[in-house]
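What follows is a single structure, written as structure tokens, with notes after it.
The values are calculated or read from the model by the stated rules, or taken from the named source; none is laboratory data. Quick caveat: nothing in here was measured; it's all calculated off a predicted structure. As a convention, Cβ positions derive from the backbone with ideal geometry for all residues, glycine included, and neighbour counts pool all protein chains shown. These accessible areas exclude ligands, DNA and RNA; they are computed on the full protein's heavy atoms, side chains included. Shrake-Rupley method; radii C 1.70, N 1.55, O 1.52, S 1.80 Å.
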Amino acid sequence: MSQAAALDERTVGGAITDDHTVEFHTRGLAGCIDKLTIPLRQGGVSVRWETPHHGVEIPMACAALLYQSAQETLTNVFKYSQATEVTVRLAAVFHGIRLTVTDKGVGFSSEGQALNCRKHGYGLCLMTMAVHEAHGTIAIDSAPGQGAQITITLPLD
């Protein structure tokens, strides 16, 4: 299969997709999120990973929310950021797990971004609501010309 065909298979309408059931048990959360970065890599974006050196047991609901958040975030990077580099970081934190996606792209005005669905679409808004419903936190740090960083922290207890 050509790279263009593989890219088309992994993106639909500009959104990064995964056409298989999420394989948390065989690939782990990091492996599943890494599959989402394939269209970025094929587009020439350098993808860096930082993960814990030890295994962290993550409940399925928490892993699914982090995966969906990564999918939304990486889709936005793919569609809008014009990034040259992306760093994906999974880290164990006190009683929780943190996902951070940082891109070196064009950035955006993050003031009110997550709550202003009518102006910017529903992806970040819905992701923010889902994270808050799970008693987690989300921080969106971006400015035009400065890239973006989205940090999601979920409790594990």
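Side notes on the structure shown:
- On the stretch given as region 99-127, residues that are modelled with pLDDT under 60 and outside any helix (DSSP H, G or I) total 2.
- Residues of region 59-84 classified as closer than 18 Å to Thr151 by Cα, in a loop (DSSP other than H, G, I, E, B) and out of contact with any helix residue (DSSP H, G or I) (no Cβ under 6 Å at 6 or more places or on another chain), total: 0
- Filter result (closer than 14 Å to Leu29 by Cα and open to solvent by 20 Å² or more (accessible area, probe 1.4 Å)) within region 58-84: Ile58, Pro59, Met60, Ala61, Ala64, Leu65, Gln68, Gln71
- Close Cβ contacts (under 6 Å, 6 or more residues apart or on different chains) running from residues in region 42-68 that are more than 18 Å from Met127 (Cβ to Cβ) and at pLDDT 90 or above to residues that are among the basic types (Lys, Arg) and in a strand (DSSP E or B) comprise Glu50/Arg89.
- Among the residues making up region 128-157, those that are open to solvent by 20 Å² or more (accessible area, probe 1.4 Å), in contact with a Gly (Cβ under 7 Å, 6 or more places away or on another chain) and not in a loop (DSSP other than H, G, I, E, B) are Thr153, Pro155.
- Residues within region 128-157 that are at pLDDT 95 or above and not hydrophobic (A, V, I, L, M, F, W, C), tallied: 9
- Only residues that are open to solvent by 80 Å² or more (accessible area, probe 1.4 Å) and modelled with pLDDT under 95 were counted in region 85-98, giving 2.
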